[in-house]
Each structure stands twice: as C-alpha cells, then as structure tokens.
Amino acid sequence: MSGSNVRSIDALAALHRGILHLSEDWDKTLQEVRTVVHRTQETFTNTQPAYWRHQHQLAERELTEAKDNLARKRSVVRASDRPAASEAVARVKKAEQRMRVCEEKRQAVRGWANEVNKACDDLLGPLADVRDQCDTVLPQAARELAIMIDQLRLYAEQAKESG
C-alpha cells in the first residue's frame with residue numbers, strides 16, 4: 001500500500017463531474033443541431049417547393065387574365081374603335097416573365113432540395129457517432145471513474161487507519 005501516489009481524489013471527482021457535464025452539454029447541442037437539420041430539410045423539401053408551386057399557379061392565372069384582356073381589346077370589329085393595347089401587351093409580357101421566373105425557381109428549388117438532403121444526411125451520420133459518445137461512452141467512462149474513486153477513497157481511509 002505504501003507504493004501508491006494518490007494526491008487528490010477530489011481532482012478525480014471533479015473530472016467525473018466534468019465528464020457527466022460534457023455528456024449533458026453534447027446531448028443538448030446535438031438535439032439543437034438535429035432540430036436545425038430537420039428544419040432545413042423541411043424548408044427545402046416542402047416549404048420552398050410549395051411556395052414556388054403556388055407562385056407558379058398565381059403567375060399562370062395572371063398570364064391567363066392578361067391574355068384574355070389583350071384578346072378582348074383586339075377583338076373589336078373596327079380598327080378605329082379598338083383601344084390602345086400597348087398596356088395590355090406589356091402586362092402579358094410581364095406575366096410571361098413572371099411565369100419563367102417561377103418555373104426557374106421551381107426547378108432550382110428541386111435541385112437545392114436534393115443537395116440539402118444529401119448534406120443533411122452526410123451530417124446526421126457523424127452526429128449519430130457523437131450521440132453514441134453521449135449516450136454510451138462518456139456515461140460508461142464516468143461509471144468506471146466513479147468506481148475507481150470509491151476504491152481510492154477506501155484505500156486512502158485504510159492508509160490513514162494503518163499509518
């Protein structure tokens with residue numbers, strides 16, 4: 001018994017508390033990261049596609065109305081009775097441009113969704129490894145350290161009694 005060199009069991013106890021605290025902090029951080037990952041996936045796989053689908057429908061409706069308006073202006077029998085259609089033509093062109101933009105955004109969001117899902121999946125793998133550290137490795141290390149601390153305390157008490 002005289003060959004051991006135990007100086008501070010309290011330092012080991014502090015290490016034990018630190019391991020438990022680290023595990024809890026990592027767990028909380030992992031939950032936050034997973035929440036952000038899921039929100040990001042939701043945004044790019046559901047929210048954005050739905051938004052641009054809706055915008056595309058609105059643009060289609062707007063284009064149909066603009067074309068109908070232009071057709072009405074051009075349908076007057078006598079050319080002299082026709083109102084100027086330049087504003088209606090400009091409205092059709094603007095609606096066509098909006099349709100193109102909405103379609104481009106729909107296509108872009110589809111591509112982004114695939115990339116974002118891949119990036120999120122790539123991130124979730126390592127997060128599972130860290131989760132394993134939080135749930136298994138660190139608590140096991142803390143249990144083993146607690147057992148060693150208890151044994152050292154018993155040893156220290158025995159040394160005091162015999163010495």
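The values are calculated or read from the model by the stated rules, or taken from the named source; none is laboratory data. Keep in mind that this is a model prediction, so the values were computed, not measured. Using ideal geometry, Cβ is built from the backbone for each residue, glycine included, and neighbour counts are taken over all protein chains shown. Accessible surface areas use protein heavy atoms only, side chains included; no ligands, DNA or RNA. Shrake-Rupley method; radii C 1.70, N 1.55, O 1.52, S 1.80 Å.
Each Lys or Arg adds one and each Asp or Glu subtracts one; over the other residues with Cβ under 14 Å from the Cβ of W26, this totals -4. Dividing the Cα radius of gyration of the range 120-163 by its Kirkwood radius returns 1.44 for Rg/Rh.
Lysine pairs in the chain whose alpha-carbon atoms fall under 19 angstrom of each other, counting only those eight or more residues apart or on distinct chains, come to 6. Computed from the alpha carbon positions, the gyration tensor of the range 9-162 leads to an equivalent ellipsoid with semi-axes of 73, 11, 8 Å, biggest first. Rounded to whole Å, the principal axis extents of the Cα atoms in the range 15-54 read 56, 8, 6, largest first. A simple rule links phi to the HN-Hα coupling: the Karplus curve 6.51 cos²θ - 1.76 cosθ + 1.60 with θ = phi - 60°, which for the range 152-158 gives 5, 5, 4, 4, 5, 5, 5 Hz, with x for Gly and Pro. Only helices enter the 222 nm calculation for the chain: every DSSP H run of n ≥ 4 contributes -39,500 (n - 2.57), and dividing by all residues gives -29500 deg cm²/dmol, rounded to 500. Each residue of the range 112-126 is assigned a 3J(HN,Hα), and the resulting list reads 5, 4, 5, 5, 5, 4, 5, 4, 5, 4, 4, 7, 5, x, x Hz, derived from the Karplus form 6.51 cos²θ - 1.76 cosθ + 1.60 (θ = phi - 60°), x at Gly and Pro.
Summarise the long-distance tail of P(r) for the range 17-98 by giving the % of C-alpha pairs beyond 16 Å. Everything past 16 Å amounts to 70 percent. Using a 1.4 Å probe over the heavy atoms of the protein chains, calculate the carbon and sulfur portion of the accessible area of the chain as a whole percent. About 53 percent, which is the carbon plus sulfur part of the accessible surface.
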